[in-house]
1. Once the Cα atoms of helix B:306-315 and of chain B are each reduced to a long axis, what angle between those two axes, in degrees from 0 to 90 to the nearest 10, is obtained?
2. Over region A:6-121, what is the relative contact order in percent, taking alpha-carbon pairs closer than 8 angstrom and at least six residues apart?
3. Within a 10 angstrom radius of each residue's Cβ in B:302-309, how many Cβ atoms of other chains show up on average? Whole number is fine.
4. Between A:Asn48 and B:Gln171, what's the calculated FRET efficiency when r is the beta-carbon distance and R0 is 56 Å? Round to 0.05.
5. What whole-number volume per residue, in cubic angstrom, does the convex hull of the C-alpha atoms of the protein assembly as shown give?
6. At a Cα cut-off below 28 Å, give the lysines reachable from A:Lys44, other chains included and same-chain residues fewer than 8 away excluded.
7. Measure nothing but the geometry: give the 0 to 90° angle between the long axis through the Cα atoms of A:61-74 and the longest principal axis through the Cα atoms of chain A, rounded to 10°.
8. Please give the per residue volume of the convex hull enclosing the alpha carbon atoms of region A:6-121, rounded to a whole number of Å³.
Amino acid sequence: MGMYSEKVMEHFMHPRNVGEIPDADGVGTVGNPVCGDLMTMYIKVKDNKLVDVKFKTFGCGAAIATSSMTTELAIGKTLEEAMKITRADVAENLGGLPPIKMHCSNLAADALHEAIKDYQKKQAKK
Amino acid sequence: MRNVYMDHGAGMPLDLRVFEVMKPYFMEKYGNPSSSHSFGNSAKAALDTSRENVANLVAAEKSQEVIFTSGGTESNNLAIKGAAYRNKAKGNHIITTAVEHISVMNICKHLQKEGFEVSYVPVDKQGIVDLKKLEEAITGKTSLISVMYANGEIGTVQPINEIGKLARDNQVIFHVDAVAAAGKVPINVEEENIDLLSVSSNDMYGPKGVGALYIKTGTKILPLIQGGGQERGLRSGTENIPGIVGMGKAAELAKKEMDAEGKRLTQLRDRLINGVLDKIDYSFLNGHPTQRLPNNANLRFSYIEGESLILWLDMHGIQVSSGSACTSKTLEPSHTLLAIGLAHEEAHGSLVFTMGKQNSEEDVDYVQEVLPDVVKRLRALSPLTPKEILR
């Protein structure tokens, strides 16, 4: 496919960690209905580490591939490390994204951060 | 793997018969039609024949009423800007619709910046222009009405005859963008009271980079390109003879074969539409069920996005288009889909199938075989999909 790197297409066709975590410790949703991408990340936390991350995404090829890559980058990391994963990291690990897709289709890192903040908020209430 | 190209609205192959007649004009008959010698004469003769063929396709009275351009976009520019500038003394008001091709939309926006007023008449849920609102929009200052013959995206064919009458009764110039329709449905510029009509070569199996504008005798427009005065001074520049010869042949073939091919495509279209709506839950037809181009099926799938659908279908050898923002250069969903009342997320999940000569019943059945699984796979990924429809 001309527009996307092989790595993007590979993640698009075989996305990792798809689904929901029913008893998730944190959930983050980001999206832009005008742009057409909406994604939800679910995280499971143990000993300050992300032991499981799953996603559901409505969107284009880049949106699905970046979601998949973000889960791969995040699993096993501490919360502090995961908060440092940037959109640029996700794009770089996918062999780059077309410039037009860098902004609105590359929201998965933000969704992950939202999920972590959700977890931290719930912890603070406990 | 089977390959099924159903994106003829975006690009068409040349008809082999078109290719054959073009060939000599590259290496042998390369004269300039403006020259006085024999090479010039043979180019001029080819130009005249092509002009006649295009005039015949749209039932123009005189072949001189057709001039050649570089394509549909240029024809639309010349028609709309040319008429607006030339008739500014009469008024600065233009009427068009909310579902025009992006070229017409952007020409009108440009004219608004230059001080023209533009009314965008709405359409109904099936994409048919609201005739009452169109009539109400006409004022003493209206110099031009521009409405497409048919919409290349949702397939809806407009009631051109009635709009032509309205324009004629009110003595307003009537431009029709017939790029998506010419060669597919019969057009009669005389009976339909059309003053200006844009057509494109590639949309009827001719080469890319060629188009034409029909200009009814007596319709006043200003040229946009100054130069040597070719095409009656309305489109200067040495004529693209190989391209024009190809367009002429394409127009001749389209006229001859339109009836039979239209019937065949209509059957394929309805087989595709009915099959998909039957096999896939939460799928819908965009556009009018019967007043639509014979080769167009625009289908919408809830909860998923068009570019993902395109990528998956391409993996299976099927090429189509989408109205999704994610496939556009501007990241805006199709204005046409929004104009027929779809929400953004609905517009994102729309696919455009435009069939052509090489498509067969087997192709339609192959699409029906592949599409349900692709839709199911993407719905399983989507946070919008209700759990009860995922089995």
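1. It works out to around 90 degrees.
2. On the way: 238 pairs, mean separation 38.2, N = 116.
Taking the mean separation of contacting Cα pairs over the length of region A:6-121, I get 33 percent.
3. 5
4. Efficiency for this residue pair is about 0.10.
5. On the way: hull volume 88.1 nm³, N = 517.
Normalising the Cα hull of the protein assembly as shown by residue number yields 170 Å³.
6. Straight-distance partners of A:Lys44: A:Lys7, A:Lys54, A:Lys56, A:Lys77, A:Lys84, A:Lys117, A:Lys121, A:Lys122, A:Lys125, A:Lys126, B:Lys376, B:Lys387.
7. 40 degrees
8. Numbers: hull volume 9.9 nm³, N = 116.
Cα convex hull per residue, to the nearest whole number: 86 Å³.
Rule-based calculations on the coordinates, nothing more; no lab input. A quick note: this is a predicted structure, and the numbers were derived from the prediction, not measured. Backbone-built Cβ (ideal geometry, glycine too); neighbour counts: all protein chains shown.
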